[in-house]
Amino acid sequence: MKNLKTIILAGLFLAGLGCGYSSHSTTPMVAGTTPTVSALAPNSTAAGSASFMLTVNGTNFNGNATINWNGTSMTTARVSANQMTATIPATDVATAGTASVTVTNPGTPGGIYGGGTSAETSNSMTFTIN
């Protein structure tokens, strides 16, 4: 009887191993929603101006999207899925030139099995500093 229990226990153990155990498969990250910028208001200012509110119009702005000024993320307020605003500091328009304005929808993290979405950045619009 003792041998039978040992054989059955060993058989169950081997059957469990035979079923295999491997790490969970992961779901690859997918592309997020790409925003599009269609207009800036204003689209220019005089060099040396005071800080101002920039309005960015477009499409597909996520609730946590950010306006980027020359690649730097600005504190952003989402008005709607098609409009966002950010205050541009006077130091960023102190001298004549141009600034690149984009919008980024951040990615979303995946769960324990991967997944999620990648961050996506819009086309660039040029802001002129006269």
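Run the numbers for SER118 and ALA41: contour at 0.36 nm per residue of separation, minus the present Cα-Cα distance, in nm.
Numbers: separation 77, 0.36 × 77 = 27.72 nm, distance 2.83 nm.
Stretched fully, the SER118-ALA41 segment lengthens by 24.9 nm.
Can you grab the distance from the C-alpha centre of segment 95-125 to the C-alpha centre of segment 22-88, Å, no decimals?
Taking the Cα centre of each part, segment 95-125 and segment 22-88 sit 8 Å apart.
Angle between the Cα long axis of helix 2-19 and the longest principal axis of the chain, 0 to 90 degrees, nearest 10?
Once rounded, the angle reads 30 degrees.
What residues have an amide H closer than 5 Å to that of ASN123, excluding those fewer than 5 places away on the same chain, when H is modeled at 1.01 Å from N in the peptide plane?
HN-HN under 5 Å from ASN123: VAL37.
Quick one: 3J(HN,Hα) in Hz for segment 94-100, Karplus 6.51/-1.76/1.60 with θ = phi - 60°, rounded, Gly and Pro as x.
5, 10, 4, x, 9, 10, 8
At 7 Å along the Cα-to-beta-carbon direction for both ALA94 and THR33, put a label point, then send me their distance in nm to one decimal.
Using points 7 Å along Cα→Cβ, the separation is 3.8 nm.
Every number here is computed from the coordinates shown, using simple stated rules; none is lab data. Since this is a predicted model, take the numbers as computed values, not measurements. Cβ sites come from the backbone with ideal geometry, for glycine too, and all protein chains shown count toward neighbours.
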